[in-house]
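The values are calculated or read from the model by the stated rules, or taken from the named source; none is laboratory data. This structure is a prediction, so every number in the text was calculated from the model and none was measured. Cβ coordinates were reconstructed from backbone atoms using ideal geometry, including for glycine residues, and neighbour counts include every protein chain displayed. Note: areas computed on protein heavy atoms with side chains; ligands, DNA, RNA excluded. Shrake-Rupley method; radii C 1.70, N 1.55, O 1.52, S 1.80 Å.
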Amino acid sequence: MRSLSIVMPIYNEEALIDELVRRVTHVMDSLEREFDLASEWVLINDGSRDRSLEMLAKHAVSDPRLVIIDLSRNFGHQPAIQAGLEHAAGDAVVIMDGDLQDPPELIPELVQAWKKGSRVVVAQRRSRAEHGIKGMMFAAFHKMLAKVSDLKMETGSGVFGLLDRKAVNEVLLLRERNRFFPGLRSWVGYDQGVVYYDREERAAGEPKQTFGRLMRYAFDAVFSFSFKPLRAIWTFGFIVSIFSFAYALFLLVMRILNINVVVGFTTPTVAILMLGGVQLISIGILGEYLGRIYDEVKQRPHYVVNEIIRSTNANAIATSPGVLSVSVEE
Ligand code: UDP
Ligand code: MG
């Protein structure tokens, strides 16, 4: 029997966990019936400070298909996904957000595309639920990324999708720490199928990715997949140099011919301010790469696991009410 793993990061999602479990386990049941596919559900608790872990553990006791990887603290969305990928055992792995913005009911379609031969299946948003400024920023980001990226990648998609075992292993070989998963998924190549869906609003609670985290993620996408910012500095420096040289030559000729040039205030001020600004931006861009290089050379692990929780006995909750009978692997 073939098997599927569902990998899902969870951070402070207590408001929607019961609904999540109901919908995902329902889909897992149907996978077994329709595709003869055994499934496990790898939930990564990314240092939640609410009741998420407790609630998940309770569900894990009654359903042995749940595996909970409890991280030692909040590491962030991408490291949590990495933890899930490293612990998933299935012949194929579905990666999705745990806020029900990625509908679990789409999984059978992903599986179908996989069975038809796609090693990688990308769930592409036909529409997204974010409107207003956030929606506009997302759209602008994906447009910009498509232009800037050195690698031709599916843009407009998030982490939601399926990777078969071979593709998962390839992604796991990419050890970089500043991870932009959709980019890594494009990087591994293979026949990449696409399934379209409408992105929903998150089922409950507030978005857990702060604005700062999202910006950082966007920067990771650009700086890990593009040298264009560096090239832009080079080009700009080159153009400015040519102009300065021409201008200096012009001033020199005026001086030699003793044509009285009005010694102004504006030109030097503008030149100093502009070049100063350009230099600061350039140093900033260098800094973005440098910071990432520093981060990489430290070679720290991507995450730390506190414990792995899975049921040893499906009926444990009935025999010991209030006590979680689970096996814990350190
Ligand atoms: N998440 C996480 N760690 C974090 C932030 C978020 O594991 O530090 C999880 C979160 O629980 C959710 C998924 O990552 O399942 C996506 O987060 P969110 O919906 O807040 O992001 P957005 O939809 O705003 O990109
Ligand atoms: Mg979300």
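Which loop-located trypsin sites (Lys or Arg not before Pro) does the range 1-53 contain, where loop means any DSSP state but H, G, I, E or B and the Cβ has at most 15 other Cβ atoms within 10 Å? Of the trypsin sites (Lys or Arg not before Pro), the ones in loops of the range 1-53 whose Cβ has at most 15 other Cβ atoms within 10 Å are R49, R51. With 0.36 nm allotted per residue and the present C-alpha distance subtracted, the R51-I272 stretch has 74.0 nm of extension available. Quick check: from the Cα gyration tensor, does the range 69-212 come out rounded (a/c under 1.5), prolate or oblate? Rounded is the answer for the range 69-212, as its axis ratio a/c remains below 1.5.
Among G284, T269, Y196, flag the residue with its Cα farthest along the positive direction of the charge dipole of the range 183-317, charges on Cβ as +1 for Lys/Arg and -1 for Asp/Glu. Sorting the options by dipole projection puts first T269.
Only Cα sites of the range 163-265 enter the Debye sum here, all with the same form factor; the resulting log10 I(q)/I(0) across q = 0.14, 0.21, 0.24 1/Å is -0.82, -1.19, -1.25, listed in q order. A cut-off of 5 Å between modelled amide H atoms, ignoring neighbours fewer than 5 places along the same chain, links N306 with D70, L71, S72. Over the Cα atoms of the chain, the radius of gyration divided by the Kirkwood radius equals 1.14; this is the Rg/Rh ratio.
Mean separation of Cα pairs under 8 Å and 6 or more residues apart, divided by the residue count, gives the chain a relative contact order of 24 percent. The modelled label-to-label distance between K147 and L249, using points 7 Å beyond Cα along the C-beta direction, is 3.2 nm. Kirkwood radius and radius of gyration were both taken over the C-alpha atoms of the range 121-202, and their ratio Rg/Rh is 0.98. Note on K115: aspartates and glutamates with a C-alpha under 16 Å away, same-chain residues under 8 apart excluded, are E32, E34, D36, D91, D164, D191.
Roll a 1.4 Å probe over the protein chains and send me the accessible area per residue for the range 130-211 in Å².
52 Å²
When DSSP beta bridges are restricted to pairs lying wholly in the chain, around 40% turn out antiparallel.
Rolled with a 1.4 Å probe across the full set of protein chains, the surface gives L174 an accessible area near 20 Å². Amide hydrogen proximity for L174: with H placed 1.01 Å from N in the peptide plane, no residue at 5 or more positions away or on another chain lies under 5 Å. Can you pull the percent of the chain's accessible area that's carbon plus sulfur, 1.4 Å probe, other chains left in place? Looking at the chain in its full context, I get 62 percent from C and S.
How large is the charge dipole for the chain, taken about the Cα centre, if only the Cβ atoms of Lys, Arg (+1) and Asp, Glu (-1) carry charge, to the nearest 20 debye?
1460 debye
Listed cross-link partners K116/K208; K116/K152; K134/K208; K58/K208; K116/K166 are compared with a 26 Å cut-off, the Cα-Cα value being larger for K116/K208.
The listed peptides 89-102, 283-296, ordered by packing as a protection proxy, come out as 89-102, 283-296 (highest mean of other Cβ atoms within 10 Å first). Of the GluC sites (Glu not before Pro) found in the range 172-270, those in coil by DSSP whose Cβ has at most 12 other Cβ atoms within 10 Å are E201.
The gain in end-to-end length when the R300 to F236 segment is fully stretched comes to 19.5 nm, 0.36 nm per residue minus the alpha carbon separation.
With every protein chain left in place, what is the accessible area per residue of the range 1-109 in square angstrom, probe 1.4 Å?
Computed with neighbouring chains in place, this is 33 Å² per residue.
Among S3, G47, I17, which residue has its Cα positioned farthest towards the positive end of the charge dipole of the range 1-117, with +1 placed on the Cβ of Lys and Arg, -1 on the Cβ of Asp and Glu, and the dipole taken about the Cα centre? Of the options given, the answer is S3. Sorted largest first, the spans of the alpha carbon positions of the range 6-129 along the three principal axes are 41, 31, 28 Å.
In the chain, the calculated helix contribution to ellipticity at 222 nm averages -16000 deg cm²/dmol per residue, counting -39,500 (n - 2.57) for every DSSP H run with n ≥ 4. If you plug the beta carbon distance of E130 and R33 into 1/(1 + (r/R0)^6) with R0 = 41 Å, you get a FRET efficiency near 0.75.
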